[in-house]
Amino acid sequence: MRSLFLTLFAFSLIMASCDLYPQDDYEEFYVVESYMVAGDTLPAVYLSTTAPATSPYSFEDYAVSGANVQINLLSGDGDSTIVQSFAYQMDNAGVYTPVLNHKTMPSRIYQLQITDLPNDPNSLITGYTSVPDTFSTRSEIPDTVIYQSENQIEIEITPSVNAERQSYFIFTTIALNPVKENFTPLYADFFDEGDEIGDFVKTSSGIVNEANFETKPNGSITLKYPWLAVAFFGNNQIIANTIDDNIYDFLRSQSVQLGGSTLSPGEIPNAIYRLEGGIGVFGSLAADTIQTYIKRPE
Amino acid sequence: MIKQLAAFLMLFMPTMLIAQNASVNGYITDKSSGETLISANVALLENNRGTSTNTLGYFSLTNLEPGTYTIAGSYIGFKLFRKTITLSADETLRLDIELEPNVISTDEIVVTSDRVKEEQKDIGTAEINTELIKSLPKVFEADVFRSIQLLPGVKAASDFSSGLYIRGGSPDQTLILLDRNTVYNPSHFFGFFSTFNPDAIKDVRLYKGGYPAEYGGRLSSVLTIYNKDGNRNKTEGTATLGMLASRVSVEGPYKRGSWMFSARRSTLEPVLAALRSTSDNIPSSFYFFDFNGKVNYDATKDDKLSLAFYSGQDKVNFPFGNDAEFKLNYGNRTLSGNWTHIFNEKLFSNFVLTGSQYFNYPELELGGTPIERRNNIYDYSIKADLEYLPNEKHDLAIGIWAGTLTIRLNDRFDNEPSFSSRSHSRYGSVYISDTWRPSEKWKVVSGIRTSYLSDGDYFRIEPRFSLEYKANDRIRLQTAYGRYNQYLTLITNEAFSGFDVWLTADDGVKPSFGDQFIVGAKTIPILGYGFDIELYYRTMNDIFELDPFIQDVSGLDYPELFRIGNGDAYGAEFFFEKRSGNFTGFVGYTFAYTWKKFAGYNNEIGNPDANGRRYPPKYDRRNDLNLVLSYQLSKRWKSTLSFNYATGQAYTEVLGQYSANNTPWANDELNTFTVGKINASRLPPYHRMDVSFSRLGTFFGLGEAEWQFQIINVYSRRNIWFYNFDFDENPVERTEVPLLPLLPTISYTVNF
């Protein structure tokens, strides 16, 4: 019995002394942020690095200047032949804008290439995005809608062709009369002294799958716009966005970092990145906008 | 069906028919209440033949030579029973044994048979004394699960969770049976404590691992809970006033049996009303309740019928802003009808019809937009178990369990259906198991279980095996192996169990399976003390969990809902116990590792599609020490102390940060962390000491009464649950979310 105890004790000591899963140290990564919108001009590309978690953070402090940024339009036949290249120039530290105007083409693949990174001239950051097809809102939107009335805003969206999967939407409401007196009751309650009203001007849903909505025989979908998305009475723009896989992966993974999923509190995964040589998002979306007046109920 | 099974048994073992010797059989009961005693020992002192009662309190000793014997029965906390019996050839003696409780447990009984004094603890099993559950210091309510969490190999996720994490398994890997009926969400108060009313419970038994062929359907363990049958001698009751809830229980006899009813309800309304007058964000209403009941009918000497039910519910309304309200209504209902029939001294049977329902209805009304869920489980089954005792060397068990399981999950967003799922599956299992005692020293239990699920048409075979060698009177060496399958998974959040949803395997989602290997020793270093060691290694394969990265399940194919992974767990458990005297208690220590791995999860940054690295789940704790001491200070006063020390839980250290500020669709800054390996850091060690003092007295001469005073977290250790991050601060501020503070509680119990 004694020898059994000694053996177990020795085994326990050995196991306890080996750290089978050591903690990693901080590693700096290049961070890219750029969102192409179908039909819009080429977007700005923001380039920075990560900051240690314990340091103060601002984009300006970690902006990366002097890099060579380029976006390439690839051929539409599925291979990676570059059809057209668009050079970028640096406007401000870490902010790169296109030299020429080019309207982002729907249903095409664009490549991002970043080279000549300072302190790391041999590094290369690349990313690809497949721009969602454009769509439009068909239905007649009433000029005025009474808040929380039975007549909800109904939007009919034409199909955005995506052969491999259903569309993923994000809906955004932009208030055009954002004053404190115009807050809807819910948001008036959420607004605390010290908050900035500008933080409430643009509200957005999370990711909403196409399958949530009724699909008509012509392929269009109809959605009732939830009152929850309305923060202000008055004129509001409602924007339907369909997003590409890169934004979808980034958003769905970034949002669980601070809880709210089935993960245990304190279990934090990295976001899912679709970039080589860096992290962040190089993604694309298609959007359409309607406008209506949300009237306070009597 | 019964006749077919009986015929099968007789064909299977023709030697069974040969036995011509005498036998003795019967039930062992508590003399004071008539309750049957599970795993009580019975033996004949002259030839050291013995056995223990089954889960219905029944025993049978067969193939006895005619003659005169001294039969002895024992059970911890009861006086030794002895009686001289004379058996003639071919006689079957029916002897129901009544054991008399010890007023104060002592160890001065003289026993002359090892078979009587041995506690028949099988490998991987633990019995939880119901009196201990009540006497332990508790956070507001005496709780079965909190008591189980003190055992080695069992961990709690936090002070706020009663979920059982057993030998590396998550709570859904433990099958929980109340009177043989599956309970799907056994929690009140959103997971804070379990639904089982300690006043209604007779027996709690945990099979931590290597569990026998009789059970199945979960990868890790089985917890069986039996409600009381009710006092068969007199009508009595107990009522307890507590700070969170109060409960009442009554039981008694009637002409042909007994009955027991028990109720518990939260009593928080006055507290909430007081809080509402001074604070915002207090629920406008909150209550929970549960009812337990059992009626027994002794039809004949050989036929017993019982009907047991449980109903529990939690309901909360929580307006948390203008035009914002959260509502939750969830609970369980179970009903089981049991028929026990003794065919003869060698064939014992039990048949059960069960019905179990779980419902979960969360609702959120936010700015005029309702978001609702309707989740239901309906599980109806029939079970049959037969025990056949052909001779003194074999104990054969065979059984079936078949049923239907319906799971409905309907989500609505803004009054429109957003997700709808209904699975209606048939399941079934058959097992056969033989306990073979080739000699006094050896016990071999071999069994096989087959199971089937109609969703996906899955058929699985599970071998089970255990071996015990009794080296001497004080040392038993044990080992076990088993294959286990699980057809269900639980979508839950460790912080809040009120939204629990179960899903099944199906086409494209294979059942999980795992193997368990255990070796151990049960020893009695000194009479009255016990020292047990167990080493275990177990695998978890094809575990399917809801993919945490899915934001919206609409339109996804069923297999797309899940991430599929593997895991393993291994460890060593030590348990030292003082069982009798004024000073009792135990020390349990566990040294353990648990690992999980999912494809595409915990990869190196920038390589999201890799196969994934294994990582420890949050509840993985390297060292876990529990100490429970109980001291009878005087006839009236008793004190109990519990202390837990554990390695800090795993968490993910945040290493880097950046912010995505330029999204076209929102104002929000998407503050994003970069991390290394998931859960590679440890929170500070957890430790907490609780004490309880109880004083017996009388309630105006009408009955016994007991005051219980408790202090939770005596030295106010600020244990950490997890870290929260405040992005309003720059640099981002990490704050500690603490667990329970120092908490005094009081309760008063009256027995009438």
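The values are calculated or read from the model by the stated rules, or taken from the named source; none is laboratory data. This is a predicted model, so every value here is computed, not measured. Cβ coordinates were reconstructed from backbone atoms using ideal geometry, including for glycine residues, and neighbour counts include every protein chain displayed.
Restricting the first member to the range A:261-283 and to residues that are farther than 30 Å from B:Asp500 by Cα and more than 7 Å from chain B (Cβ to nearest Cβ), and the second to residues that are of a type in the set (Asp, Glu) and in a loop (DSSP other than H, G, I, E, B), the beta-carbon pairs closer than 7 Å and six or more apart or on different chains are A:Gly283/A:Asp244. The condition of being within 10 Å of chain B (Cβ to nearest Cβ), buried (at least 19 other Cβ atoms within 10 Å of the Cβ) and of a type in the set (Asp, Glu) holds for only one of A:Asp249, A:Asp244, that being A:Asp249.
Would you check if B:Tyr589 is assigned to a strand (DSSP E or B) and in contact with a helix residue (DSSP H, G or I) (Cβ under 8 Å, 6 or more places away or on another chain)? It is false that B:Tyr589 is assigned to a strand (DSSP E or B) and in contact with a helix residue (DSSP H, G or I) (Cβ under 8 Å, 6 or more places away or on another chain). So is B:Thr674 free of Cβ contacts under 8 Å to residues at least 40 places away in the same chain and either buried (at least 16 other Cβ atoms within 10 Å of the Cβ) or not in a loop (DSSP other than H, G, I, E, B) (or both) or not? In short, no.
Scanning the range B:390-418 for residues being free of Cβ contacts under 8 Å to residues at least 40 places away in the same chain and among the hydroxyl-bearing types (Ser, Thr, Tyr) gives a total of 2. B:Asn730 meets each of the listed conditions (1) of a type outside the set (Lys, Arg); (2) farther than 30 Å from A:Tyr273 by Cβ; (3) assigned to a loop (DSSP other than H, G, I, E, B) apart from (2).
Evaluation of B:Ser554 against the conditions (1) of a type outside the set (Lys, Arg); (2) in contact (Cβ under 8 Å) with a residue 60 or more places away in the chain; (3) more than 9 Å from chain A (Cβ to nearest Cβ) shows that the sole unmet condition is (3).
Yes or no, residue by residue, for (1) crowded, with 18+ Cβ neighbours inside 10 Å; (2) away from chain B (no Cβ under 14 Å); (3) out of contact with any Cys (no Cβ under 8 Å at 6 or more places or on another chain):
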site: A:Leu124; (1), (2), (3): no, no, yes
site: A:Thr129; (1), (2), (3): yes, no, yes
site: A:Ser136; (1), (2), (3): no, yes, yes
site: A:Glu140; (1), (2), (3): no, yes, yes
site: A:Glu150; (1), (2), (3): no, no, yes
site: A:Ile155; (1), (2), (3): yes, no, yes
site: A:Tyr168; (1), (2), (3): yes, no, yes
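Sub-7 Å Cβ pairs linking a first residue in the range A:202-215 that is at the interface with chain B (Cβ under 7 Å from one of its Cβ atoms) to a second residue that is surrounded by 20 or more Cβ atoms within 10 Å (Cβ to Cβ) and of a type in the set (Lys, Arg), at least 6 apart or interchain, are A:Ile207/A:Arg252, ordered by first then second residue.
When residues in the range A:123-150 are screened for being in a loop (DSSP other than H, G, I, E, B), at pLDDT below 85 and farther than 17 Å from A:Asn235 by Cα, 4 of them pass.
For the subset of the range B:279-336 comprising residues that are outside any strand (DSSP E or B) and within 14 Å of chain A (Cβ to nearest Cβ), which member is nearest to B:Pro198 (Cα to Cα)? So, considering only residues that are outside any strand (DSSP E or B) and within 14 Å of chain A (Cβ to nearest Cβ), the one nearest to B:Pro198 (Cα to Cα) is B:Asn281.
Name the one entry in B:Arg464, B:Arg460, B:Arg483 that is part of a strand (DSSP E or B), in contact (Cβ under 8 Å) with a residue 12 or more places away in the chain and buried (at least 22 other Cβ atoms within 10 Å of the Cβ).
Values: B:Arg460 fails: buried (at least 22 other Cβ atoms within 10 Å of the Cβ); B:Arg483 fails: buried (at least 22 other Cβ atoms within 10 Å of the Cβ).
Selected residue: B:Arg464, the only one of B:Arg464, B:Arg460, B:Arg483 that is part of a strand (DSSP E or B), in contact (Cβ under 8 Å) with a residue 12 or more places away in the chain and buried (at least 22 other Cβ atoms within 10 Å of the Cβ).
A single entry from A:Asp189, A:Asp195 fulfils the requirement of being of a type in the set (D, E, K, R), closer than 18 Å to A:Arg296 by Cβ and out of contact with any helix residue (DSSP H, G or I) (no Cβ under 6 Å at 6 or more places or on another chain): A:Asp189. Among the conditions (1) closer than 30 Å to A:Gly283 by Cα; (2) surrounded by fewer than 18 Cβ atoms within 10 Å (Cβ to Cβ); (3) not acidic (Asp, Glu), A:Val179 misses just one, which is (1). Exactly one residue out of B:Asp515, B:Asp500 is surrounded by fewer than 18 Cβ atoms within 10 Å (Cβ to Cβ), within 28 Å of B:Ala157 (Cβ to Cβ) and either among the charged types (D, E, K, R) or at pLDDT 95 or above (or both), and it is B:Asp515. Taken over the range B:143-155, the criterion of being assigned to a loop (DSSP other than H, G, I, E, B) and either touching a Phe, Trp or Tyr at 6+ places or on another chain (Cβ under 6 Å) or touching a residue at least 60 places away in the same chain (Cβ under 8 Å) (or both) is satisfied by B:Asp143, B:Leu150, B:Leu151, B:Pro152, B:Gly153.
Restricting the search to strands (runs of 3 or more DSSP E) fully inside the range B:23-101 and requiring at least 3 residues that are in contact with a Leu (Cβ under 7 Å, 6 or more places away or on another chain) and among the small types (Gly, Ala, Ser) gives B:67-74.
Every residue, every condition in (1) within 13 Å of chain A (Cβ to nearest Cβ); (2) of a type in the set (Lys, Arg), yes or no:
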| residue | (1), (2) |
| --- | --- |
| B:Asn607 | yes, no |
| B:Lys618 | yes, yes |
| B:Leu625 | yes, no |
| B:Leu629 | no, no |
| B:Arg636 | no, yes |
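Of the strands (runs of 3 or more DSSP E) that lie entirely inside the range A:190-298, those containing 2 or more residues that are touching a strand residue (DSSP E or B) at 6+ places or on another chain (Cβ under 9 Å) and under 30 Å from A:Asn72 (Cβ atoms) span A:234-243, A:279-295. In the range B:504-531, the residue that is farthest from B:Asp411 (Cα to Cα) out of those that are in a strand (DSSP E or B) and within 12 Å of chain A (Cβ to nearest Cβ) is B:Thr523. Checking B:Ser420, B:Ser439, B:Ser429 one by one, the residue that is assigned by TED's automatic domain parsing to the domain that holds B:Lys510, among the small types (Gly, Ala, Ser) and in a loop (DSSP other than H, G, I, E, B) is B:Ser439 and no other.
Quick check on my filter: what residues within the range B:701-716 are out of contact with any Phe, Trp or Tyr (no Cβ under 7 Å at 6 or more places or on another chain) and in a loop (DSSP other than H, G, I, E, B)? Selection gives B:Gly701, B:Asn713, B:Val714, B:Tyr715, B:Ser716.
Surrounded by 15 or more Cβ atoms within 10 Å (Cβ to Cβ), more than 9 Å from chain A (Cβ to nearest Cβ) and among the hydroxyl-bearing types (Ser, Thr, Tyr): does that describe B:Tyr686?
Values: surrounded by 15 or more Cβ atoms within 10 Å (Cβ to Cβ): yes; more than 9 Å from chain A (Cβ to nearest Cβ): yes; among the hydroxyl-bearing types (Ser, Thr, Tyr): yes.
Here the answer is yes, as B:Tyr686 does meet what is asked.
Scan the range B:469-480 for residues that are surrounded by 20 or more Cβ atoms within 10 Å (Cβ to Cβ) and within 12 Å of B:Lys522 (Cβ to Cβ) and jot them down.
Scanning the range B:469-480 gives B:Arg476, B:Gln478.
Can B:Thr663 be described as within 30 Å of A:Pro43 (Cα to Cα) and in the same structural domain as B:Tyr601 (by TED's automatic domain parsing)? Criteria met by B:Thr663.
Could you check how many residues of the range B:183-198 are under 12 Å from the mean Cα position of the chain (by Cα) and either basic (Lys, Arg) or surrounded by 24 or more Cβ atoms within 10 Å (Cβ to Cβ) (or both)?
7
For the range B:655-671, filtered to residues that are assigned to a loop (DSSP other than H, G, I, E, B) and either at the interface with another protein chain (Cβ under 7 Å from one of its Cβ atoms) or in contact (Cβ under 8 Å) with a residue 60 or more places away in the chain (or both), the residue that is farthest from A:Ser58 (Cα to Cα) is B:Trp665.
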